[in-house]
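The values are calculated or read from the model by the stated rules, or taken from the named source; none is laboratory data. Everything numeric here is computed off the predicted structure, so don't read it as measured data. No Cβ is skipped: glycine too gets one built from the backbone with ideal geometry, and neighbour counts run over all protein chains shown. Areas reflect the complete protein model, heavy atoms only, side chains present, ligands, DNA and RNA absent. Shrake-Rupley method; radii C 1.70, N 1.55, O 1.52, S 1.80 Å.
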Amino acid sequence: MDTEEQEYDGASTASLRQLFRYATPFDAVCMVLGFIGAGVVGGAQPCMMVLLGDLVDVMGLQAAGADMEKMFNDIAIKMIALGGICFVAAWVGEAGFKVSGLRQSAMWRKTYLSAILRQDIGWFDTNNPGELSSKIAESTQLIEEGIGTKLSLGSRM
């Protein structure tokens, strides 16, 4: 058994409500924009496959001549437009989740530090004060990745 698995065996998991408890209305708007952007990118993938199939069909037409060139150009323009839409939607999606994740992570860090500062003086004897900053950064970075980048990638599928 891995040491990571042993470390987290007894740990309880947080609900979605607990995970997003520091989300402000602005963060919710950012996440909604992120979901919309991810949905557009995910929905564009089948459209790109259809356009690629049309492109292969047009390439199979050898006797069409000038018609073939016009159809090829039409499909190429549609692919370029779809690529531009995907680029913008992916950027909006990533930015929305990243901004929301960073803002919530900052709140988690503040809360974590406040909880540490409220501890009795004896608590600092058993815990190394030099390790506290790295502990805070490590713990909140995992949360930030989960509610930011990973959520964005997961919602695209």
Which net charge results when you count Lys and Arg as +1 and Asp and Glu as -1 among the other residues whose beta-carbon is under 15 Å from that of LEU102?
+1
Quick one, could you list the DSSP H helices from the chain stretching 24 Å or more along their long axis (Cα atoms) with average Kyte-Doolittle hydropathy of -0.5 or above?
25-60, 66-117, 129-147
Per DSSP H run of n ≥ 4, the term is -39500 (n - 2.57); total these for the chain, divide by its residue number, and report the mean residue ellipticity at 222 nm rounded to 500 deg cm²/dmol.
-28500 deg cm²/dmol
Using 0.36 nm per residue, how much length does the chain from ARG17 to VAL29 gain when fully extended, once their Cα-Cα distance is taken away?
2.7 nm
Once a ≥ b ≥ c are taken as the square roots of the eigenvalues of the Cα gyration tensor of the range 96-153, is the result rounded (a/c under 1.5), prolate (a/b larger than b/c) or oblate (a/b not larger than b/c)?
prolate
Just for the Cα atoms in the chain, what are the lengths along the principal axes, largest first, rounded to whole Å?
87, 40, 27
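Quick one: length gained pulling MET48 to LYS135 fully straight, 0.36 nm per residue minus the C-alpha distance?
26.9 nm
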Per GNM of the chain with C-alpha springs under 10 angstrom, the most fluctuating residue out of SER12, SER114, SER134 is SER12
Keeping all protein chains in place, calculate the accessible area per residue for the chain (probe 1.4 angstrom), answer in Å².
69
Candidates GLY37, GLY60, GLY93, ranked by Gaussian network fluctuation over the chain, Cα under 10 Å, top entry
GLY60
Once you've got the GNM for the chain with C-alpha springs shorter than 10 Å, pick whichever of ILE77, ILE85, ILE136 has the biggest mean-square fluctuation.
ILE77
Would you check the accessible area of ASP125, probe 1.4 Å, heavy atoms only, in square angstrom rounded to 10?
130
For the chain, the accessible surface attributable to carbon and sulfur atoms (probe 1.4 angstrom, ligands and nucleic acids excluded) amounts in percent to 64
